[in-house]
Amino acid sequence: MVDEEISQSILVSGESGAGKTESTKNLMQYLAFMGGRPSDSSEGKRSVEQQVLESNPVLEAFGNAKTVRNNNSSRFGKFVEIQFNERGKISGAAIRTYLLERSRVCQVSDPERNYHCFYMLCAAPPESEKYKVGNPRKFHYLNQSNFYELNGVDESQEYLATKKAMDVVGISSDEQEAIFRVVAAILHLGNIEFTKGSEPDSSQPKDDQSRFHLETAAELFMCDKTALEDSFCTRVIVTRGESIKKCLDPAAAAICRDAFAKIVYLQLFDWLVSKINNTIGQDSDSKFFIGVLDIYGFESFKTNRCLTGTPLVSSFRLGIGYFITVALYSHLTNRPYILCSFEQFCINLTNEKLQQHFNQHVFKMEQEEYTKEEIDWSYIQFEDNQDILDLIEKKPGGILALLDEAWYVYVSIYFCLYIMFVFLSTIIYHIEYISYHILCGQYTL
Ligand SMILES: Nc1ncnc2c1ncn2[C@@H]1O[C@H](COP(=O)(O)OP(=O)(O)OP(=O)(O)O)[C@@H](O)[C@H]1O
């Protein structure tokens, strides 16, 4: 990089649990050793590279979870850009994260777990008592799976380690308190159940337990309880000049609650990343950088099983479409898959695309160049995955295009039914209207 004055990037790719995150940490330690400067211990300030390394436990607490393959699986993509000055010394860094798997906040399949931070907080008195959490088995967002403890991991110690790492990356104790308040509030949100309200198609908290969790969540979010309840049980439609409040039935209110929990968690995670970036500091004058991309790993299993559990695929349309997708993908690649979510399917697709990029640059283009220059070269055999990408992505005919088409068909059928309904109700209304007037003697046949 210094000799050629060109920035470089390293892509760390592989199956889930293969060791990408651990390798990334080793890589960064190496870069810190090569390009680091001694920290300014007189001021107690930590160097950029130390801060980047020490931000890992924070990101892992909020972005990692136990999966079938890995007890500490990263559920987000991470690109760390380490910036260097012209002398090859580290001058700044930036961490960018991609697509945190937010469905996990509300939906966990056995034997996986939700994000580590939830279990840490439950095991951390006195905070657990203060925030009215404690036994993870009591919370809907955690008890959908029977897996609570990780072998050899003391969650209360992990909680302390995460707080210590937060200190290092410049998150104040007030901010730490606010972060864990939000984490606890999300757990309470999950326990709010809804039942039919007094008006038709309306909803309200089911019982005293649900009202308790609603009140606690509002207290922790520091917001008005009624406003929070309204945000789940009603929908505001804004038209020109006025806004209309529409009630939601219990099922729709539960979907609203989950959507709220997911978006709050995502905002919290993004806030953490931006806070870490602010503390580390970027160097706008840096000459070049080395980027390290730690992508989420693909999953490949012996037995194929398809759980259409996420809200996206729980609809009939995508449920069927998704099942066909998995079956075809598995058949074509001759790799049996367990895909527990639509998100994991997208992760696998991303990995296939990266593999194709690698094939393209390392095998295809390089070997074409050798052939063109007539260099004596023994051809390297490699497995081209273009057919897999075509199967999924090709337009028209690819699986994603078929899913889109299915969606249009679904919307069109829905629209036609709606028009027919409006048409029929208008006719019925007119028949009733005319009959009424005939009966009243205002019309003669
Ligand atoms: N170099 C290593 N030294 C020690 N342990 C390792 C090493 N590489 C991997 N491991 C072990 O394997 C586990 C999984 O590794 P890691 O989290 O890096 O996988 P990953 O490829 O990033 O997985 P995912 O894609 O699911 O995030 C680690 O928790 C650790 O126990």
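Derivation of every value follows stated rules applied to the coordinates shown; laboratory data play no part. Computed from a prediction, not measured in an experiment: that's the story for all the values here. Because the Cβ atoms are built from the backbone with ideal geometry, glycine has one as well, and the counts that use them run over all protein chains shown.
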**Request:** Enter the Cα centre distance for the pair region 62-125 and region 341-367, rounded to the nearest angstrom.
**Result:** 22
**Prompt:** Where the centre of each part is set by its Cα atoms, how far does region 230-286 sit from region 382-445, in angstrom?
**Reply:** 31
**Fill in**
Checked against the positive end of the charge dipole of the chain (+1 on Cβ of Lys and Arg, -1 on Cβ of Asp and Glu, about the Cα centre), the farthest of 1, 121, 212 is 212
**Fill in**
Within the chain, the percent of DSSP beta bridges that are antiparallel, given to the nearest 5, stands at 75
**Request:** Just report the Cα centroid separation between region 47-61 and region 161-185, whole Å.
**Result:** 14
**Prompt:** For the chain, what is the mean residue ellipticity at 222 nm derived from helices alone (per DSSP H run of n ≥ 4: -39500 (n - 2.57); sum divided by total residues; nearest 500 deg cm²/dmol)?
**Reply:** -16500 deg cm²/dmol
**Complete:** For the chain, the dipole about the Cα centre with charges only on Cβ (Lys and Arg +1, Asp and Glu -1), to the nearest 20 debye, works out at 1140
**Estimated vicinal HN-Hα couplings, Hz - region 254-259 in sequence order (Karplus 6.51, -1.76, 1.60; Gly, Pro = x)** = 5, 5, 4, 4, 5, 4
**Spread of Cα-to-Cα distances over 10 Å intervals beginning at zero, given as percent, for region 126-194** = 17, 45, 32, 6, 0
**Request:** Round to the nearest 0.05 the FRET efficiency obtained for residue 263 and residue 199 when R0 = 22 Å and r is the Cβ-Cβ distance.
**Result:** 0.25
**Lys/Arg +1, Asp/Glu -1 at C-beta; region 14-163 dipole; positive extreme among 103, 91, 18** = 103
**Along each principal axis, Cα extent of region 1-123, largest first, Å** = 51, 35, 20
**Message:** As an exercise, identify the trypsin sites (Lys or Arg not before Pro) in region 343-444 lying in DSSP coil whose Cβ has no more than 16 other Cβ atoms within 10 Å.
**Reply:** 394
**Message:** What percentages make up the Cα-Cα pair-distance distribution of region 182-264 when the bins are 5 Å wide from 0?
**Reply:** 3, 16, 26, 26, 16, 9, 3, 1
**Message:** At R0 = 25 Å, how high is the FRET efficiency between residue 373 and residue 18 if r is their beta carbon distance? Nearest 0.05 is fine.
**Reply:** 0.10
**Request:** Would you mind working out the magnitude of the charge dipole of region 152-206 relative to its Cα centre, with +1 at each Lys and Arg C-beta and -1 at each Asp and Glu C-beta, to the nearest 20 Debye?
**Result:** 100
**trypsin sites (Lys or Arg not before Pro) restricted to region 178-235 and DSSP loop, no more than 10 other C-beta within 10 Å** = none
**Prompt:** Which of the residue pairs 25/66; 132/225; 78/395; 206/275 have a Cα-Cα distance greater than 27 Å in the structure shown?
**Reply:** 78/395; 206/275
**Request:** Set Lys and Arg Cβ to +1 and Asp and Glu Cβ to -1, take the dipole of region 361-401 about its Cα centre, and tell me which of 381, 361, 396 lies farthest positive.
**Result:** 396
**Message:** More than 32 angstrom separation, counting every C-alpha pair in the chain; what % is that?
**Reply:** 53
**Cβ-Cβ FRET estimate between residue 382 and residue 146, R0 fixed at 45 Å, reported to 0.05** = 0.60
**Message:** What number do you get for region 391-440 when its Cα radius of gyration is normalised by 2.2 N^0.38 Å, N = residues?
**Reply:** 2.12
**Request:** Determine ³J(HN,Hα), in whole Hz, for all residues of region 187-192 in sequence, where each value follows from phi through the Karplus function 6.51 cos²θ - 1.76 cosθ + 1.60 and θ = phi - 60°; x replaces Gly and Pro.
**Result:** 4, 5, 4, x, 8, 7
